[in-house]
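Heads up: the structure comes next, in structure tokens.
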Amino acid sequence: TQLLEQSPQFLSIQEGENLTVYCNSSSVFSSLQWYRQEPGEGPVLLVTVVTGGEVKKLKRLTFQFGDARKDSSLHITAAQPGDTGLYLCAGHNSGGSNYKLTFGKGTLLTVNP
Amino acid sequence: NAGVTQTPKFQVLKTGQSMTLQCAQDMNHEYMSWYRQDPGMGLRLIHYSVGAGITDQGEVPNGYNVSRSTTEDFPLRLLSAAPSQTSVYFCASSFSWDRLNYGYTFGSGTRLTVV
């Protein structure tokens with residue numbers, strides 16, 4: 001069974017601060033995705049990373065895939081209240097009969113004004 | 001574009017009742033799946049389908065049935081509801097299983113309470 005561990009589980013910060021959340025596994029993934037989920041809604045895809053060492057930027061969000069494709073991080077610069085939500089990472093392995101994503105349990109981020 | 005539509009948004013059932021959670025997508029996605037989300041447990045896969053007429057079990061399939069007669073629809077049936085099935089249910093779709101790299105589109109969820 002492939003597991004994805006996310007840390008921290010909860011994070012509460014003030015507007016304008018920077019933060020990093022982590023997604024780690026002992027397994028190798030062919031790609032890793034990050035989603036954000038707001039209360040009462042389904043997760044929304046933010047980014048997919050597929051190459052070891054890859055870095056992608058989405059405005060103030062920076063995503064990195066580890067060189068060994070076992071871990072990933074999400075860094076938010078100058079957090080805003082609109083960044084509040086549950087951040088989920090999900091790993092996928094192509095090939096074989098593994099037709100699914102493995103989700104971490106998420107990091108619940110609260111950005112206070 | 002409606003994306004993935006789930007109905008109902010809220011439902012209360014009595015133990016032993018049956019019901020069907022509806023999921024429809026208008027993006028011509030081959031791959032569809034059902035997840036449940038519980039506090040502290042994350043998203044757990046119930047059933048999935050890689051195309052019309054093909055379904056398979058995920059991590060927590062007991063107590064649930066699915067069918068996929070069309071590309072667009074993937075209903076989830078609870079045969080005899082139990083309090084342990086109280087959860088938020090999400091339907092998700094993607095282009096195809098080998099293009100999961102492109103990510104899932106999720107519905108907005110069904111919050112089910114079994115009393």
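Bear in mind that the values in this text are calculations on the coordinates, not laboratory data. Given the structure is predicted, the values throughout are model-derived calculations rather than measurements. In this analysis, Cβ positions are derived from the backbone assuming ideal geometry, glycine residues included, and neighbour counts consider all displayed protein chains.
Derived scalar couplings between HN and Hα for segment A:102-113 equal 9, 9, x, 7, x, 10, 8, 9, 10, 10, 8, x Hz in order, rounded to whole Hz, by the Karplus curve 6.51 cos²θ - 1.76 cosθ + 1.60 (θ = phi - 60°), x for Gly and Pro.
Note on the protein assembly as shown: Lys pairs 8 or more places apart or on different chains, Cα atoms under 30 Å apart, count 14.
Using a 10 angstrom cutoff on alpha carbons, build the Gaussian network for chain A and name the most mobile of A:Gly53, A:Gly66, A:Gly42. Result: A:Gly42 has the largest fluctuation of those listed. Of the residues B:Cys23, A:Cys23, the one with the fewest other Cβ atoms within 10 Å heads the list, and the complete ranking is B:Cys23, A:Cys23. For segment B:11-115, trypsin sites (Lys or Arg not before Pro) are listed when DSSP marks them as loop and at most 13 other Cβ atoms sit within 10 Å of their Cβ; the list is B:Lys14.
Values of log10 I(q)/I(0) for segment B:1-70 across q = 0.14, 0.20, 0.23 Å⁻¹ run -0.50, -1.01, -1.26, by the Debye formula with one identical scatterer at each alpha carbon and no solvent. With the convex hull constructed from alpha-carbon coordinates only, segment A:5-112 shows a mean projected area of 6.5 nm² over all directions. For the protein assembly as shown, the percent of C-alpha pairs falling in each 5 Å distance bin, counted from 0 to the bin holding the largest distance, reads 1, 7, 14, 18, 18, 16, 12, 7, 3, 1, 0.
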